[in-house]
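Please read the structure below before turning to the comments.
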Amino acid sequence: MRRTIAACVVAWLFGAGSIAAQDRYRQTLPALPPLEGFADHVREGKLVLSLDDTIRLALANNTDVGIDRAAVSVAQNDIGRQRQRFDPVFSASFDNQRSTSPAFQELAGASIVKSLSQSVDLNYAQTFETGTSFQTDLLANKFSNNSSFYFFNPYLISTWSFQFSQPLLRNFGLFPNRAPILIAQRGHKQARSSFEAQVNDIVQQAVQGYWAVILQRESFAVQKKSLDEAQQSYDRDKKALSLGALPPLNIFRSESQVAARRVSVLQAEYALVQAKDALRRLLGADRDPSIRALDLDLNDDPFPAGELLSMDIDTALTRALSNRPEFEVSRHALTIDEMKIRLARNQLRPDLQLSGLYSSNGLSGDEFSFDNPPQLISSGGFGDSLSQAFHFNNPTYEFKLKLTLPIKNRSAQADLADARVAQARDQYQQAKTTETVVFEVTDAVHKLEEAKLTLAAARVAVDLAEKNLRAEERKHELGSETAFFVLDAQTQLAQAEFAGAQAAIGYQLALAALDHATGELLLHHGVRIREEPSSSTGSRRP
């Protein structure tokens, strides 16, 4: 029983410690930056936004932008990581060892041998971009023991050495050694171009979300207007019925129209709520309850003013080929592939290394004679030992040439094959990107022309529907037609007005799709992706 209780207590303590550690970990997580820019657009409890305001808020607060931006920061940090192999390294060490051991031979010089060994080692090493490795080492040692056979006791040894190594075939020259840096730099440019493409997509989503809210708002307004007109017709029919000018059975038609249009109003109202919620999520407003609670007031007019845009396919394709960041992504990928192939070919070469060593030694300490008892002849310290080493009184030279010739270098061969496969894959990817962009541009141009024609036709349809309604209302007032024709004309006008709003918003969406397809969407909305600082601190916001 006691063992069980003890086990439970130990388990509880470990569990409490683990929970406390998790809590401390959570407390150390950095908080996300607060939402930006919303306070500048709050008016009378509403979030008043233009299209450009919506785009800027989305770029500043959208979580997808933050995630995509992190990829650029990681790619930039990788440049510094690849430079690490050329960073100089300084190391220092101190070692102290004392030992006592019984003698097992007469030459030990004492029945119990006691020794002391101390050493200090200072080392500086660096690899240069030519592949040359260099290091210099300063080593100072002190040895002492109680053996009678040592005529220097303690004795001090200092060594100052210089070493170098230079590859002459494999990894010779600047490119093989700088290739990881060059690849990382290209990877950073590729990540920036990819980020620009992602920002281009998010701006288009912001445009689509903005106009989706306005479309649902127009739909709600049209349905509300249609309900009001149906209610007015119903009120007139009730009055006519009370005066005996309308047969009793005819009142049900206008009454049913009021009920049906009330259903349409409710559906349009909730569709508007859903569109606003989607836009709030795109803006990042859901991260702050106070911002999420604000109603949206979008003030851009969907109906275009002035002459409508026209563009032929060839002009649009020329702009797309020049501006779309996806082509930059493909070009950077192919450049990286070419560098990897070149590097893999270099790794197939034999490894021929030239190395050299130059060192100098110094000796000092307490020198004794072989007399019995020994007499002290001279005494010296580390200064004497280091002076001899620095003056190269006892130099050592070494040059070595080493050739490593692999009979089969299958790993390097596989790396070369992988690099060629990656190049072929990226060529296909570039062709696929071209096909996708050509289709997007062609489709955007066609949809723009369709939107222009639809908008013109919708304006005519609204004008004719208004005239038809006025005519039917006049006929009904004169008693020549029943309320059925008035209600039908009201329905046709509501449908025409909604179709007109759809056509106007369709034209705006077609413009945005064309700008996205040609790579000019960011330019037309004043969005510029700024250059990051040269240090590995991450990318700035667009």
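The values are calculated or read from the model by the stated rules, or taken from the named source; none is laboratory data. These figures come from a predicted structure and were not determined experimentally. So basically every Cβ, Gly included, is an ideal-geometry build from the backbone, and we count neighbours across all protein chains shown.
Structure values in brief
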read-out: Residue satisfying condition, being exposed (fewer than 15 other Cβ atoms within 10 Å of the Cβ) and aliphatic (A, V, I, L, M), within set 271, 305, 275; value: 305
read-out: Single residue of the range 203-212 satisfying the filter (surrounded by 22 or more Cβ atoms within 10 Å (Cβ to Cβ) and of a type in the set (A, V, I, L, M)) that is farthest from residue 58 (Cα to Cα); value: 207
read-out: Failed item in (1) surrounded by 15 or more Cβ atoms within 10 Å (Cβ to Cβ); (2) at pLDDT below 90; (3) within 49 Å of the chain's Cα centre (by Cα), with residue 296 passing the rest; value: (2)
read-out: Complete set of residues in the range 279-320 that are basic (Lys, Arg) and over 19 Å from residue 205 (Cβ atoms); value: 319
read-out: Residue in the range 60-81 that is of a type in the set (S, T, N, Q), at pLDDT below 90, over 24 Å from residue 287 (Cα atoms) and not in a loop (DSSP other than H, G, I, E, B) present; value: no
read-out: Selected residue [at pLDDT below 75 and either surrounded by 15 or more Cβ atoms within 10 Å (Cβ to Cβ) or over 30 Å from residue 83 (Cα atoms) (or both)] from 262, 253; value: 253
read-out: Count - residues of the range 285-312 that are small (Gly, Ala, Ser) and either in a loop (DSSP other than H, G, I, E, B) or closer than 30 Å to residue 452 by Cα (or both); value: 4
read-out: Residue count for the range 458-476, restricted to those that are closer than 9 Å to residue 486 by Cα and acidic (Asp, Glu); value: 2
read-out: Verdict on residue 331 being among the basic types (Lys, Arg) and more than 17 Å from residue 184 (Cβ to Cβ); value: no
read-out: Residue satisfying all of: in the range 341-358; farther than 17 Å from residue 165 by Cβ and in contact with an Asp or Glu (Cβ under 8 Å, 6 or more places away or on another chain); surrounded by the most Cβ atoms within 10 Å (Cβ to Cβ) among these; value: 344
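The rows are residues; the columns are (1) surrounded by 12 or more Cβ atoms within 10 Å (Cβ to Cβ); (2) under 32 Å from the mean Cα position of the chain (by Cα); (3) at pLDDT 95 or above.
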| residue | (1), (2), (3) |
| --- | --- |
| 403 | no, no, no |
| 407 | no, no, no |
| 412 | yes, yes, no |
| 415 | yes, yes, no |
| 427 | yes, yes, yes |
| 439 | no, yes, yes |
| 447 | yes, no, no |
| 455 | yes, no, no |
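Condition check ((1) of a type outside the set (Val, Ile, Thr); (2) modelled with pLDDT under 90; (3) closer than 19 Å to residue 361 by Cα) across all residues:
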{"position": "123", "(1), (2), (3)": "yes, no, yes"}
{"position": "137", "(1), (2), (3)": "yes, no, yes"}
{"position": "142", "(1), (2), (3)": "yes, yes, yes"}
{"position": "170", "(1), (2), (3)": "yes, no, no"}
{"position": "173", "(1), (2), (3)": "yes, no, no"}
